[in-house]
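*Asks:* One structure, as structure tokens, below. Some questions next.
The values are calculated or read from the model by the stated rules, or taken from the named source; none is laboratory data. Please read all numbers here as calculations on a predicted model, not as lab measurements. All Cβ positions, even for glycine, are placed from backbone atoms using ideal geometry, and neighbour counts span all protein chains on display.
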2 protein chains.
Amino acid sequence: MTKNKKPLILVTNDDGITASGLKVLVNAAKKWGEIVVVAPDSPQSGQGHAITLNHPLRIYEVDEFGDIEAYKCNGTPVDCVKLAKSVLLKDREIDLCLSGVNHGSNVAINILYSGTMSAAMEASLEGIPSIGFSITEFLPGANFEPYGNLVSDIVGYVIEKGMEHTKLLNINIPYIGVENIKGIKVCRQAEANWKEEYIANNDPLGRTYYWMSGVFENYDNGPDTDVEALENGYVSIVPCEHDLTAYKSFVSLKSIESIL
Amino acid sequence: MTKNKKPLILVTNDDGITASGLKVLVNAAKKWGEIVVVAPDSPQSGQGHAITLNHPLRIYEVDEFGDIEAYKCNGTPVDCVKLAKSVLLKDREIDLCLSGVNHGSNVAINILYSGTMSAAMEASLEGIPSIGFSITEFLPGANFEPYGNLVSDIVGYVIEKGMEHTKLLNINIPYIGVENIKGIKVCRQAEANWKEEYIANNDPLGRTYYWMSGVFENYDNGPDTDVEALENGYVSIVPCEHDLTAYKSFVSLKSIESIL
């Protein structure tokens, strides 16, 4: 992070420009730098790392955040980050990207499905230190404001100390009341996954449709996972990387080269 | 893989049920087991790991592949895999998932943007050995049929030998004529990325729109990358994993725990 200027902080999310979690994040971050908000114009949960190739994108300035520069976009969370970097802020250096605060947890493998985490991942691919924040409560009526100081303290830490060996943090906060949070734990991603149960029904014309439902199942009883930290009342912080190579399978796979 | 029965092979893609690359993959795989095709009803390039939460999904049986069981779905590639596992094949065990053959390469970080690779990743998260195939030619008129035997040989190898320490392979084949391919290399994911150049224009009502364009840039001059293998005329095989934890940053990040 450049020391002699106010950091430029890009803020985005996947719940959309009007989500209350986005306001909490903007308010938590604004003491640390100059904020520019670029967020989807509609909810984009589950959009993962999707990008828009088949139709044009539009950006409109909005006044949701008073005197803070803010835009809504008809693309995915990743589109928002790409447009911010390549169009809106193309002549400036983004020092930090914050995504969230997501309504609902993004632990374990959910980093792949989550628009919140994919937006942060996209910025990190560009070398920008990035943080995705989530609070473990899906209900729209949840009040995230009391967690703002904690979010702000984490942002301040990252601005002051930087990030070594990673450009991306996945941070989940348990919705148990700030006063009940026991601490912060640096964790690994749990081996946990969704067990889908599609709801099948008929539409008014009698045609079958399916709607995804499911429960999240933790298969990982080992130590130091994000799931365990949250269950025990801790904030989980998983440092992430984007190299998906499974290096440990190189030796056993080598014989496949002899096919040709 | 179960030894005493014909393997059940799920085949999907992101270019859609009518894509010629899907036909090549089905034809290459059918000698190795029983095929069930579940593919999107429209092109889904760039959909990454997106899932459909906000509208219902439909599945229709199609006869695109003669006597092979095949369905089209109005969801994303990942939706197709989830519906195959949880609805269409819920009482059976899928032995292998094949995705592709994608029109255009999916090297380096493109595994995150690619619907082809995300479908294979989704199956691998469920413990199913999975392979994504891509050939480095975007043009719809490209003829992938001559590459079918090579694809088939790779599928046969994986069925016979299994996969150790990974459930997912990202395989890219250079479109240089089968006779010119020099061999197969097990590789790591290159540090390469897209440099976006949004095309800005005005619609008939004078409103500005942006359309993503860009060039792929390789920043990785180290050995053993997928980009290097393809440039030198080799098939690249990157074994992949889904644990994104950046373990090497645990020590330096530990002090963040003292915030609370």
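*Asks:* Could you check the stretch A:204-235 and list, in sequence order, the residues that are more than 8 Å from chain B (Cβ to nearest Cβ) and over 18 Å from A:Thr136 (Cβ atoms)?
*Replies:* Answer for the stretch A:204-235, where residues must be more than 8 Å from chain B (Cβ to nearest Cβ) and over 18 Å from A:Thr136 (Cβ atoms): A:Pro204, A:Leu205, A:Gly206, A:Ser213, A:Tyr219, A:Asn221, A:Gly222, A:Pro223, A:Asp224.
*Asks:* Just give me the residues in the stretch A:84-107 being surrounded by fewer than 24 Cβ atoms within 10 Å (Cβ to Cβ) and over 15 Å from the mean Cα position of the chain (by Cα), in sequence order.
*Replies:* A:Lys85, A:Ser86, A:Val87, A:Leu88, A:Leu89, A:Lys90, A:Asp91, A:Arg92, A:Glu93, A:Ile94, A:Asp95
*Asks:* Scan the stretch B:195-223 residue by residue and report those that are within 13 Å of A:Pro56 (Cβ to Cβ) and assigned to a loop (DSSP other than H, G, I, E, B).
*Replies:* The answer is B:Tyr198, B:Asp203, B:Pro204, B:Leu205, B:Arg207, B:Met212, B:Ser213.
*Asks:* Restricting the stretch B:115-134 to residues that are buried (at least 24 other Cβ atoms within 10 Å of the Cβ) and of a type in the set (Val, Ile, Thr), which is nearest to the chain's Cα centre (by Cα)?
*Replies:* Only one residue tops the list, namely B:Thr116.
*Asks:* Would you mind finding the one in A:Ala70, A:Ala28 that is within 14 Å of chain B (Cβ to nearest Cβ), surrounded by 21 or more Cβ atoms within 10 Å (Cβ to Cβ) and more than 29 Å from B:Pro77 (Cα to Cα)?
*Replies:* Among A:Ala70, A:Ala28, only A:Ala28 is within 14 Å of chain B (Cβ to nearest Cβ), surrounded by 21 or more Cβ atoms within 10 Å (Cβ to Cβ) and more than 29 Å from B:Pro77 (Cα to Cα).
*Asks:* Scan (1) more than 12 Å from every other protein chain (Cβ to nearest Cβ); (2) closer than 20 Å to B:Asp203 by Cβ for the single condition A:Gly75 breaks and write down its number.
*Replies:* (1)
*Asks:* When B:Ala190 is evaluated against the numbered criteria (1) more than 8 Å from chain A (Cβ to nearest Cβ); (2) at pLDDT 95 or above; (3) not in a loop (DSSP other than H, G, I, E, B), which criterion, by number, is the only one it fails?
*Replies:* Of the numbered conditions (1) more than 8 Å from chain A (Cβ to nearest Cβ); (2) at pLDDT 95 or above; (3) not in a loop (DSSP other than H, G, I, E, B), the odd one out for B:Ala190 is (3).
*Asks:* Return the residues of the stretch B:135-165 that are buried (at least 18 other Cβ atoms within 10 Å of the Cβ), facing chain A (nearest Cβ under 9 Å) and over 19 Å from B:Ile35 (Cα atoms); say none if nothing qualifies.
*Replies:* The one that is buried (at least 18 other Cβ atoms within 10 Å of the Cβ), facing chain A (nearest Cβ under 9 Å) and over 19 Å from B:Ile35 (Cα atoms): B:Met163.
*Asks:* Restricting attention to the stretch B:34-46, which residues are surrounded by 18 or more Cβ atoms within 10 Å (Cβ to Cβ) and modelled with pLDDT of 95 or more?
*Replies:* Once the filter is applied, which keeps residues that are surrounded by 18 or more Cβ atoms within 10 Å (Cβ to Cβ) and modelled with pLDDT of 95 or more, the stretch B:34-46 yields B:Ile35, B:Val36, B:Val37, B:Val38, B:Ala39, B:Pro40, B:Asp41.
*Asks:* Shifting gears a bit: Which of the residues spanning the stretch B:39-70 are outside any loop (DSSP other than H, G, I, E, B) and under 18 Å from A:Gln47 (Cα atoms)?
*Replies:* Of everything in the stretch B:39-70, those that are outside any loop (DSSP other than H, G, I, E, B) and under 18 Å from A:Gln47 (Cα atoms) turn out to be B:Pro40, B:Leu57.
*Asks:* Across the stretch B:236-260, what is the total count of residues that are at the interface with chain A (Cβ under 7 Å from one of its Cβ atoms), outside any helix (DSSP H, G or I) and more than 15 Å from A:Tyr157 (Cα to Cα)?
*Replies:* So the answer is 10.
*Asks:* Conditions: (1) in contact (Cβ under 8 Å) with a residue 40 or more places away in the chain; (2) in contact with a Gly (Cβ under 8 Å, 6 or more places away or on another chain); (3) not hydrophobic (A, V, I, L, M, F, W, C). B:Glu137 meets all but one. Number of the miss?
*Replies:* Going through (1) in contact (Cβ under 8 Å) with a residue 40 or more places away in the chain; (2) in contact with a Gly (Cβ under 8 Å, 6 or more places away or on another chain); (3) not hydrophobic (A, V, I, L, M, F, W, C) one by one, B:Glu137 breaks only (1).
*Asks:* Consider A:Tyr60 against the criteria (1) within 22 Å of A:Glu126 (Cα to Cα); (2) within 12 Å of chain B (Cβ to nearest Cβ); (3) in contact with a strand residue (DSSP E or B) (Cβ under 6 Å, 6 or more places away or on another chain): it satisfies all of them except one. Which criterion is unmet?
*Replies:* Every condition holds for A:Tyr60 apart from (1).
*Asks:* Here is a list: A:Gly214, A:Gly206, A:Gly233. Which entry is out of contact with any Leu (no Cβ under 8 Å at 6 or more places or on another chain) and either of a type in the set (D, E, K, R) or under 30 Å from A:Asn149 (Cβ atoms) (or both)?
*Replies:* It is A:Gly233.
*Asks:* With loosely packed, with under 13 Cβ neighbours inside 10 Å and of a type in the set (A, V, I, L, M, F, W, C) as the only criterion, which of A:Leu205, A:Leu168 stands out?
*Replies:* A:Leu205
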